[in-house]
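Here is the structure we will look at.
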Amino acid sequence: MNQENKIKEEKRLHIIEQACRQIGKGAFYSTIIIVASFLPVFLLTGQEGKLFSPLAWTKTFILLIDAFVAVTLVPVLISFFLKGKFKAETKNPVNNFLLKIYSPIIQWCLKWRKTTIGINFIALCITVPMIVSLGSEFMPPLDEGSILFMPVTMPDVSNSEVKRILQVQDKIIKQVPEVLNVLGKAGRASTATDNSPISMIETIILLKPKQEWRKGIKKEDIINELNAKLQIPGTVNGWTQPIINRINMLSTGIRTDVGVKILGDNQDTLNEIAQKIKQELTGMNGVKDLYAEPITGGKYLDIKINKTEIGRYGLNEDDVNLVIEALIGGMNLTTTIEGRKRFSLNARLAQDYRNSIEDIKRTIIHTRDFGPIPLSAVADVNLSLGPTMIQSENSLLRGTVLFNVRGRDLGSTVQDAQKKINETIKKLPKGYFIDWSGQYENQIRAANTLKLIIPVVFVIIFLVLYMVYKSVREAFFSIVTVPFALIGGVFMIYFYHVNLSVAVAVGFIALFGIAVQTGIFMVIYLHESMNKLVELKGNSRETITDEELREYVYKGAAQRLRPKIMTVCVALFGLVPVLWSQGVGSDVMIPIVLPMIGGVFTSSIHVLLTTPVVFEMTKRYELNKYGKMDMVESAIKH
C-alpha cells in the first residue's frame, strides 16, 4: 500500500514538473519582454522622465521578482497545495461555459481563414485615419484644483495704479461662487530668482470642492466667466495653474503653454518681428491669452549733467550725482540690528517731492558760493524711452510672443501657427532666428526620443521571442500581435476624445509586452497539440490530413481556455477601475490605461481567434512545401 502511495506521489510530482516546464519558460520570457518594452520610459528625460521613471522602475522590480517567484516558489507551492481528488477540465462549469461560446467561433474562423484575416486587416486599416485625426499634446493637463491668473499691464504703470488694479481684480474674482480664496501680488517677490516687473500680476485663486459648484459647471467655464469679467483696459489676461506655471518657467523660461522666441542683436528689430507674429496669431483657433512681451516702451528718468553750468557754480559731477543718489534714488545710511535680524536704513526725498519731473527739477543743490540752486540749473531732466527688460539667450537678445492653448490640442495649434508665420514672414533679417518653446518644446523632445527607441524595443522583443521559439517565423507571428493590439487602444482614446501624449505613449508601451505575453501562451499550447499529432501520426504530409491538422489546432486553441481568459480578465479588472477615478492625478492616469484596456481586449481576440488561423496556415504551408512541419518543442520545453 505504501509502495502504491509512493508511486502515486512520484507521478503527481512528475506531472507538476512537466506542467511547470511547459509554462515556466514562456512565463519567464514573457516577463522579460514586458520589462524590455519599458526601455523607452527609462530613456525619457526632462519632466516626462521624472514623472514616469518611478512607474517603470516599480513595474520592472515587481516583474523581475515575479519571474523569479514563478520559476522557483510557485512549483513548490503547487506541490504542497495541489493534492486530493482532481476533476477533469471538462467538468469545470466555467470552462464548459467558455467553450460553448468559444468553440463555434474558433471553428468558424478556422473554416473561413481568409475572411478572418481580412476582418483583422480591415480593423487595422480603420485605425489609421482615426489615429491621424487625433490631436497631440505634451502631457494631459493635470487639474491642480486652483487657478493662476497672470495679467500683464503697461510697462510704465505706477505702483499706486497697479495696486488699484490688483484690488479691483481680486474683488471681481471673489464674486464668483466657486472661488474660495484669492491672493494676488504685483512685481517680484523678495528673492533673486523672481525677475517679474511691476507690470506683471500673479493671483492664485483657490476653488471650493466640486460638490459646492453650480450644477453643470466645469473649471473651463469658471475661467471663461472670470476672463469675461476681468476685461480691464490696458491689461492682457493670462490663465494657467500654479505648479505647471513654475515648471514651465524653470524648464523653458516660458510662463505659458507656448512661446515664440525671436533671437537677434537689435531691440527695435526684435520688437518689430514680435508685433508681426502677434498680429498673425490674433484670432487663430485655439490661441488664447496672446501677448507679446514689450521689448521697448519702458520710460526712464534721464538726467544729463551740464558740465559748463556745474563749473560756473563751483561744482563737479560727483557733487550732483551724490544729490541725485541720496535724494531721489535713496542712500543707505546705516544698518540696525534687532536680535538676529538686520535692517538697512535708507534716506531719500518724500514721495510728494519726486512725483513728477517738475518736482525733480526743483530738487535743491547747495553750493559754496551761490547758495541753494535747483537741479534744473545744472542738468537737463527728461523722460526717455528704452527697453522695459533686456532678455538674452545663447548670447543673443531675445523677444517673446506668449500664448496659451485652450479648446484645441497643442500640436495642431502650433503647427497651424508655424505654417501661418512661415507664409507671412518668409525671410528674417540676417542673424535673427525664431524658436518655438514652452510645452511644445517638451513635446518635440519626448516624441524624438520615442521615435528613436521604440524600433529598438521591437528588435529586442523579436530577439527574446526568437530565444523562446528558436524560429524566426514563429517569432514574427508572435510579434505581429502588437499592431493588432493597437486597434483597441486607438478606438478607446478616439472615443474618449483623448489627445496623443507621452502618457498615452506610456500606455501603448505597457500594452506591447502584455499583448506578446498572451500570444506566447497560445503558441505554447498550439505546439503542444502539434507534438501530440506528430506522436500519433508522424511528421509527414502523407500521414497528416488537413482535417486532422485543423482538429489538433482547434484542440490546442481550446486547451487551457480558462487560464487564457483569466490572464486577460486579471489585467482588465486591475485597469478598468481607473476609468472611474476622479481625484487629483486621474487626468494623467486615464490616458495611460485607456490604450491598455482597449489593447488587451483586441489583442486577446486576435490571439484567441486569429493566431490559431495563422498557425494552421503556416503548418499547412510547411507540410505542402517541405513535406513535414517545423517542430519547435525543444525550444519551448527545455
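The values are calculated or read from the model by the stated rules, or taken from the named source; none is laboratory data. Treat the numbers as computed from the prediction; the structure is a model and nothing was measured. Every residue, glycine among them, receives a Cβ derived from its backbone with ideal geometry; neighbour counts consider all protein chains shown. Keep in mind that these areas ignore ligands, DNA and RNA; they rest on the heavy atoms of the full protein, side chains included. Shrake-Rupley method; radii C 1.70, N 1.55, O 1.52, S 1.80 Å.
Here are a few things to note about the model shown:
- With K and R counted +1 and D and E -1, the other residues having a Cβ less than 11 Å from that of Arg255 yield a net charge of -3.
- A simple spin-label model places the labels of Met284 and Val76 6.4 nm from each other, with each point 7 Å out along Cα-to-Cβ.
- Accessible area per residue, Å², the chain with all protein chains present, probe 1.4 Å: 54
- Area of Phe68 that stays accessible when all protein chains are in place (1.4 Å probe, Å², to 10): 130
- Qualifying trypsin sites (Lys or Arg not before Pro) for the range 429-502 [loop in DSSP, other Cβ within 10 Å: at most 14]: Lys430, Lys470
- Over the range 440-523, relative contact order from alpha-carbon pairs under 8 Å, at least 6 apart, %: 31
- Sulfur and carbon atoms: percent of accessible area, the chain [1.4 Å]: 60
- Residues whose amide H lies under 5 Å from that of Ile365, counting only those 5 or more places away or on a different chain, are Ile373, Leu375; hydrogens are built 1.01 Å from N in the peptide plane.
- Centroid-to-centroid separation of the range 397-420 and the range 499-559 [C-alpha atoms, Å]: 48
- Listed values for the range 227-242 are Karplus-derived 3J(HN,Hα) couplings in whole Hz (6.51 cos²θ - 1.76 cosθ + 1.60, θ = phi - 60°), namely 5, 5, 7, 9, 7, 9, x, x, 10, 10, 7, x, 10, 8, 10, x, and x replaces Gly and Pro.
- Restricting the range 98-201 to trypsin sites (Lys or Arg not before Pro) that sit in a DSSP loop and have at most 15 other Cβ atoms within 10 Å of their own Cβ leaves Arg188.
- Gyration tensor verdict on the range 288-376 (Cα atoms; rounded if a/c is under 1.5, prolate if a/b is larger than b/c, oblate otherwise): oblate
- Karplus-derived 3J(HN,Hα), 6.51/-1.76/1.60, for each residue of the range 137-144, Hz, glycine and proline x: 7, 6, 9, x, x, 8, 6, 7
- Heavy-atom accessible area order for Trp108, Trp239, largest first, 1.4 Å probe: Trp108, Trp239
- Remark: accessible surface ordering of Met631, Met130 (largest first) is Met631, Met130, probe radius 1.4 Å.
- Per the Debye formula on identical point scatterers at the alpha carbon atoms of the chain, with no solvent, log10 I(q)/I(0) at q = 0.07, 0.11 Å⁻¹ is -0.66, -1.13.
- R0 of 41 Å, Cβ-Cβ distance Arg12-Cys125: FRET efficiency to nearest 0.05: 0.20
- Between Ile373 and Trp112, the simple spin-label model (points 7 angstrom out along Cα→Cβ) gives 10.7 nm.
- The range 156-237: translational diffusion in µm²/s, Stokes-Einstein, Kirkwood Rh over Cα pairs, 4 °C, 1.567 mPa s: 92
- Mean Cα-pair separation over length for the chain, i.e. relative contact order, pairs under 8 Å, 6 or more apart, %: 21
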